[in-house]
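Here's the structure, in structure tokens; my notes come after.
The values are calculated or read from the model by the stated rules, or taken from the named source; none is laboratory data. Note that the structure is a prediction, hence the values are computed from the model and not measured. All Cβ positions, even for glycine, are placed from backbone atoms using ideal geometry, and neighbour counts span all protein chains on display.
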Amino acid sequence: MILVDSSVWIDFFNDTASPEVEFLDSALGVQAIAIGDLIMTEVLQGFRSDKDFTTAKSALAEFEQLELLGASRAVKAAAKFRELRKIGITARKTNDVIIASYCIDEKIPLLFSDKDFKPFVDKLNLIPALA
């Protein structure tokens, strides 16, 4: 299973060509794909029309739904943020910290195009789905 970040879903729904979208296209129907609750929020909030929102919501509902945060995971995510900060790296977005932390803890590869995940790959063993 792979978790697909909003950075890739947004490009996918906007028909933006990228290696990550190409990877997602080839994985659909072949590999187990998951979407997290925070990722679902990030993706769906960007649709302007009700029709596009409803279409995307239905399409995303077909994938395994993961709850990325709870009390114990919140503490783990904060610890990973602090671990990076101790070595001089400050993660810019809390959602990215939560997503990366979940994937690290569950050993789930993350498909992303957002460069903010790179420190998690380099320093905290986040597994990139596209190497």
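Numbers for the structure displayed
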{"item": "Subset of the range 112-131 that is part of a loop (DSSP other than H, G, I, E, B) and in contact with a Phe, Trp or Tyr (Cβ under 9 Å, 6 or more places away or on another chain) - its residue that is farthest from Lys76 (Cα to Cα)", "result": "Leu130"}
{"item": "Neighbours by Cβ (under 8 Å, 6+ apart or cross-chain): first from the range 39-60, within 15 Å of Asp5 (Cα to Cα) and at pLDDT 95 or above; second of a type in the set (Ser, Thr, Tyr) and surrounded by 12 or more Cβ atoms within 10 Å (Cβ to Cβ)", "result": "Ile39/Ser6; Glu42/Ser6; Val43/Ser6"}
{"item": "Single match in Leu130, Leu60, Leu84, Leu68 (criterion: touching a Gly at 6+ places or on another chain (Cβ under 8 Å) and surrounded by 11 or more Cβ atoms within 10 Å (Cβ to Cβ))", "result": "Leu68"}
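Listed here are the residues, each with its yes/no results for (1) within 17 Å of Val8 (Cα to Cα); (2) without any contact (Cβ under 8 Å) to a residue 12 or more places away in the chain; (3) among the acidic types (Asp, Glu).
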| residue | (1), (2), (3) |
| --- | --- |
| Ala34 | yes, no, no |
| Glu62 | yes, yes, yes |
| Leu69 | no, no, no |
| Ile87 | no, no, no |
| Arg92 | no, no, no |
| Tyr102 | no, no, no |
| Asn125 | no, no, no |
